[in-house]
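The values are calculated or read from the model by the stated rules, or taken from the named source; none is laboratory data. What you see is a predicted model; the values in this text were computed from it and never measured. So basically every Cβ, Gly included, is an ideal-geometry build from the backbone, and we count neighbours across all protein chains shown. Surface accessibility is based on the protein's heavy atoms, side chains included, excluding ligands, DNA and RNA. Shrake-Rupley method; radii C 1.70, N 1.55, O 1.52, S 1.80 Å.
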Amino acid sequence: MSSVPPSKPWWKPKTVKVKRSYSSFPFLNAWEEFRGLLPVDREPNPGVGLGVEEGLLCQMVHSPEFNLFPDSVVFESNFVQVKKGRNWIDIYKASYTMALGVTSSVPCLPLPNILLMASVKWRQGQSQTWNRPSMAPKIILKRILPLKFVELQVCDQLQRILRLRTVTEKIYYLRLHSDHPEIVFYFWVRLVQILQQGLSITTKDPRILITHCLVPKNSCSPSGDSQLVQEKLQASQTSDSLMQLMANEESETLSQIFADLHQRNRFSSRSSKKTETKKDSSEKDASSEDSIPCTRDLSWRESFTCGEWERENPSGPQPLSLLSTLAASTRPQLTLFIGNSI
Amino acid sequence: MAYAYLFKYIIIGDTGVGKSCLLLQFTDKRFQPVHDLTIGVEFGARMITIDGKQIKLQIWDTAGQESFRSITRSYYRGAAGALLVYDITRRDTFNHLTTWLEDARQHSNSNMVIMLIGNKSDLESRREVKKEEGEAFAREHGLIFMETSAKTASNVEEAFINTAKEIYEKIQEGVFDINNEANGIKIGPQHAATNATHAGNQGGQQAGGGCC
């Protein structure tokens, strides 16, 4: 079944005015104003403008009906579920999309640890007015998955298709909706990279001690949490050191973010001049599913052991928007991506 | 669709007892013999009517297998009802009920209504847990009890709806503070204005009374 995407995007670039405020980190507001790079009251959050933050999925999980992860940002996009044939084939009608998002169970985690999946049924002619309640599409939250049980891969970079595999071998092929600009797929590529490799500010730092695992290694009983209280205590203690380290690295990370956002702008202008080019061999490697390590056992996530950044009860704010986290670091890879995509 | 109340349910119990099948039978009225292991949480919802009021059940189907229960305990928060499920053909799933119950009581609000469900009642020939044992366990721990079959749909509607009735009665009695979202009850848009009028005078007829 062929998808006929709406002719206009469902978000409103440059028209959504959102005051980005870090209520728990007031110095960040001051820092931003000092830098003068993103005047918080005048320009929209670029993530909102791109339709990847504060979107449908975010609004739903933060709504009173769910009230999930209320202090955590959600990075999200709309995808079309496809299946492999001679070409990629849409599974559902064009009016159905899947909203896929990542967020953090607690806001101070440096990286997302939760995957959200929702089905969206669009009505005709509402693409630019989705944020009006009376015209909002029907969105149904389907699943919440800990990211440690999910493998996300770039399946076909040219077609902007991700491959999502759960630890139970459920596989989804998801094509980024054509209304999303190219940069959005780049952010998903970055997310995939980050989930596979981590960030320099995460637990590769030996000073951050992971003392608590969400999944008890000894699973004799359904609950099996006899030391829960003690573990929570330890987790809260380590969260202090995490906070301190995050604060120490904040300045550097933010510099990277702004540099990256500038780079994104350059990318956008270059994309407009995009011409068709043949894929080189490295591109083929990146887009070919076979090139991506795919083990048949469940060891690809060191199954059921502690995720790199997963903690149950750390406290404290998440200083950066998720988009910013995705934008941060590893500029050489961004350059590579841009080089391959134009 | 507008509703008077939203009740959050959580379905818990050992892996393979039929939690997801119960949900599917209740929401879609169909049975799927082979179901993927649940990881994290899967959601279902359905509107029901109690005492002439539309009530939305928001149902959280959780992972039974311990390995996949990452952060599941936090999902208890804000549940108004729990369906605690065991398999009548597997004694071990019944033996684990105490642990599940402790877990639920520890992480949920004290007023949460718990329905004990002995599922797979269609498999009478393979029964390992007598109905009387389920009844006794429920009586001992203050639970409601039913035997169900997600396959034949026997008692599935009743299990979900009776739990909602119990919650509704608690609202009427003023046991549940409906203004406290931690209780797993949300007032729907059609009742929000009415409830505001009764602010500070919750419970009893005020809580249940609506504009229509």
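Report yes if some residue within region B:60-76 is within 13 Å of another protein chain (Cβ to nearest Cβ), buried (at least 20 other Cβ atoms within 10 Å of the Cβ), in contact (Cβ under 8 Å) with a residue 60 or more places away in the chain and under 16 Å from the mean Cα position of the chain (by Cα); otherwise report no. Walk me through it before giving the result.
Of region B:60-76, the ones within 13 Å of another protein chain (Cβ to nearest Cβ) are B:60-76.
Checking which are buried (at least 20 other Cβ atoms within 10 Å of the Cβ) leaves us with B:60-64, B:66, B:68-70, B:72, B:75-76.
Subset that is in contact (Cβ under 8 Å) with a residue 60 or more places away in the chain: B:75-76.
Then drop every residue that is not under 16 Å from the mean Cα position of the chain (by Cα), which leaves B:75-76.
There is at least one residue in region B:60-76 that is within 13 Å of another protein chain (Cβ to nearest Cβ), buried (at least 20 other Cβ atoms within 10 Å of the Cβ), in contact (Cβ under 8 Å) with a residue 60 or more places away in the chain and under 16 Å from the mean Cα position of the chain (by Cα).
Residues checked against (1) modelled with pLDDT under 50; (2) open to solvent by 60 Å² or more (accessible area, probe 1.4 Å):
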| residue | (1), (2) |
| --- | --- |
| A:LYS14 | yes, yes |
| A:PHE27 | yes, yes |
| A:ALA30 | yes, no |
| A:GLU33 | yes, yes |
| A:GLY36 | yes, no |
| A:VAL40 | yes, no |
| A:PHE66 | no, no |
| A:PHE75 | no, no |
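Does region A:130-150 contain any residue that is at pLDDT below 90, part of a loop (DSSP other than H, G, I, E, B), open to solvent by less than 30 Å² (accessible area, probe 1.4 Å) and in contact with a strand residue (DSSP E or B) (Cβ under 7 Å, 6 or more places away or on another chain)?
Within region A:130-150, one or more residues are at pLDDT below 90, part of a loop (DSSP other than H, G, I, E, B), open to solvent by less than 30 Å² (accessible area, probe 1.4 Å) and in contact with a strand residue (DSSP E or B) (Cβ under 7 Å, 6 or more places away or on another chain).
Could you check B:SER125 against (1) more than 13 Å from the chain's Cα centre (by Cα); (2) within 14 Å of chain A (Cβ to nearest Cβ) and say which number it fails?
(2)
Tally up the residues in region B:15-52 that are open to solvent by 20 Å² or more (accessible area, probe 1.4 Å), on the phi > 0 side of the Ramachandran plot and within 14 Å of another protein chain (Cβ to nearest Cβ), please.
Here the count works out to 1.
Could you tell me which residue of region A:56-110 is nearest to the chain's Cα centre (by Cα), considering only residues that are among the acidic types (Asp, Glu) and closer than 22 Å to A:ASN45 by Cβ?
A:GLU76
Here are some residues: B:ILE12, B:ILE55. Which one is facing chain A (nearest Cβ under 9 Å) and either open to solvent by less than 10 Å² (accessible area, probe 1.4 Å) or within 12 Å of the chain's Cα centre (by Cα) (or both)?
Details: B:ILE55 fails: facing chain A (nearest Cβ under 9 Å).
On inspection, the qualifying residue turns out to be B:ILE12.
Among the residues of region B:161-193, which ones are at pLDDT below 80 and not hydrophobic (A, V, I, L, M, F, W, C)? So that I can check it myself, show each step before the final result.
Pass one, region B:161-193, residues at pLDDT below 80: B:177-184, B:189-193.
Result: B:ASP177, B:ASN179, B:ASN180, B:GLU181, B:ASN183, B:GLY184, B:PRO189, B:GLN190, B:HIS191.
How about region B:80-147: which helices (runs of 4 or more DSSP H) wholly inside it have at least 1 residues that are under 25 Å from B:PHE31 (Cα atoms) and hydroxyl-bearing (Ser, Thr, Tyr)? Working first, answer last.
On the way: elements: B:91-95, B:97-107, B:131-141.
Where helices (runs of 4 or more DSSP H) fall fully within region B:80-147 and carry at least 1 residues being under 25 Å from B:PHE31 (Cα atoms) and hydroxyl-bearing (Ser, Thr, Tyr), they are B:91-95.
Within region B:134-153, track down each residue that is surrounded by fewer than 20 Cβ atoms within 10 Å (Cβ to Cβ) and more than 15 Å from the chain's Cα centre (by Cα).
Of everything in region B:134-153, those that are surrounded by fewer than 20 Cβ atoms within 10 Å (Cβ to Cβ) and more than 15 Å from the chain's Cα centre (by Cα) turn out to be B:GLU135, B:ALA136, B:ARG139, B:GLU140, B:HIS141, B:LYS151, B:THR152, B:ALA153.
Looking at A:PRO146, A:PRO137, A:PRO181, can you tell me which residue is more than 14 Å from chain B (Cβ to nearest Cβ), under 30 Å from B:LEU57 (Cβ atoms) and not aromatic (Phe, Trp, Tyr)?
Values: A:PRO146 fails: more than 14 Å from chain B (Cβ to nearest Cβ); A:PRO181 fails: under 30 Å from B:LEU57 (Cβ atoms).
Result of the check over A:PRO146, A:PRO137, A:PRO181: A:PRO137.
When you go through A:SER223, A:SER239 one by one, which is the residue that is open to solvent by less than 10 Å² (accessible area, probe 1.4 Å) and at pLDDT below 50?
Details: A:SER223 fails: open to solvent by less than 10 Å² (accessible area, probe 1.4 Å).
Result: A:SER239 is the single residue among A:SER223, A:SER239 that is open to solvent by less than 10 Å² (accessible area, probe 1.4 Å) and at pLDDT below 50.
Among (1) open to solvent by 10 Å² or more (accessible area, probe 1.4 Å); (2) closer than 18 Å to B:THR15 by Cβ; (3) in contact with a Lys or Arg (Cβ under 9 Å, 6 or more places away or on another chain), which single condition is B:ASP122 missing?
(2)
How do the pairs read when you match residues in region B:25-42 that are under 19 Å from B:ILE10 (Cβ atoms) and touching a residue at least 40 places away in the same chain (Cβ under 8 Å) with residues anywhere that are part of a loop (DSSP other than H, G, I, E, B) and open to solvent by 70 Å² or more (accessible area, probe 1.4 Å), using Cβ under 7 Å and keeping only pairs 6 or more apart or on different chains?
B:GLN25/B:PHE31
With the structure loaded, tell me whether A:TYR96 is closer than 27 Å to B:LEU57 by Cβ, of a type outside the set (A, V, I, L, M, F, W, C), in contact with a Ser or Thr (Cβ under 8 Å, 6 or more places away or on another chain) and open to solvent by 10 Å² or more (accessible area, probe 1.4 Å) or whether it fails that test.
Numbers: closer than 27 Å to B:LEU57 by Cβ: yes; of a type outside the set (A, V, I, L, M, F, W, C): yes; in contact with a Ser or Thr (Cβ under 8 Å, 6 or more places away or on another chain): yes; open to solvent by 10 Å² or more (accessible area, probe 1.4 Å): yes.
Against the criterion (closer than 27 Å to B:LEU57 by Cβ, of a type outside the set (A, V, I, L, M, F, W, C), in contact with a Ser or Thr (Cβ under 8 Å, 6 or more places away or on another chain) and open to solvent by 10 Å² or more (accessible area, probe 1.4 Å)), A:TYR96 qualifies.
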